[in-house]
1. Test E14 against the stated conditions and say whether it is part of a strand (DSSP E or B), surrounded by 10 or more Cβ atoms within 10 Å (Cβ to Cβ) and in contact with a strand residue (DSSP E or B) (Cβ under 6 Å, 6 or more places away or on another chain).
2. Looking only at region 32-48, count every residue that is open to solvent by 50 Å² or more (accessible area, probe 1.4 Å) and of a type in the set (A, V, I, L, M) and tell me the total.
3. Which condition from (1) surrounded by 10 or more Cβ atoms within 10 Å (Cβ to Cβ); (2) at pLDDT 80 or above is the one that E59 breaks?
4. Looking at region 40-51, is at least one residue of a type in the set (A, V, I, L, M), in a strand (DSSP E or B) and at pLDDT below 85?
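The values are calculated or read from the model by the stated rules, or taken from the named source; none is laboratory data. Everything numeric in this text was worked out from a predicted model, so none of it was measured. All Cβ positions, even for glycine, are placed from backbone atoms using ideal geometry, and neighbour counts span all protein chains on display. Protein only, heavy atoms only, side chains kept; ligands, DNA and RNA dropped before computing areas. Shrake-Rupley method; radii C 1.70, N 1.55, O 1.52, S 1.80 Å.
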Amino acid sequence: MKTTNGRLVIGMREGESVYIGDDIEVNVNKAGTRVELAITAPKDVKILRMGYEGEHYGEGYSKFRATRR
C-alpha cells in the first residue's frame, strides 16, 4: 500500500478483497488488461462508475453490477 496524491493505492490480485468501513466490500473478480470488480454495499450507498476523463457513466450503465444488502 502507498499513498499517491492523497489517495490510498493498493495493488491486488484476483480473488482479493478490500473493505471500506464495516459494510462495503470491493473484490477483484478478474485482473488483466481490464479489471472486473464486485462491490457489495448497503442499498443506500450510491455507486457511480467514472471514466478516464471524469465522465460519469452513472447507475444505468449497462455493465454496472453491485450486490445490495
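1. Working: part of a strand (DSSP E or B): no; surrounded by 10 or more Cβ atoms within 10 Å (Cβ to Cβ): yes; in contact with a strand residue (DSSP E or B) (Cβ under 6 Å, 6 or more places away or on another chain): yes.
In short, no.
2. The total comes to 3.
3. (2)
4. Checked against the condition, which is being of a type in the set (A, V, I, L, M), in a strand (DSSP E or B) and at pLDDT below 85, region 40-51 yields at least one hit.
Here is a yes/no grid of residues against (1) small (G, A, S); (2) modelled with pLDDT under 70; (3) assigned to a loop (DSSP other than H, G, I, E, B); (4) touching a strand residue (DSSP E or B) at 6+ places or on another chain (Cβ under 9 Å):
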{"site": "Y19", "(1), (2), (3), (4)": "no, no, no, yes"}
{"site": "N29", "(1), (2), (3), (4)": "no, no, no, yes"}
{"site": "G54", "(1), (2), (3), (4)": "yes, yes, yes, no"}
{"site": "R65", "(1), (2), (3), (4)": "no, yes, yes, yes"}
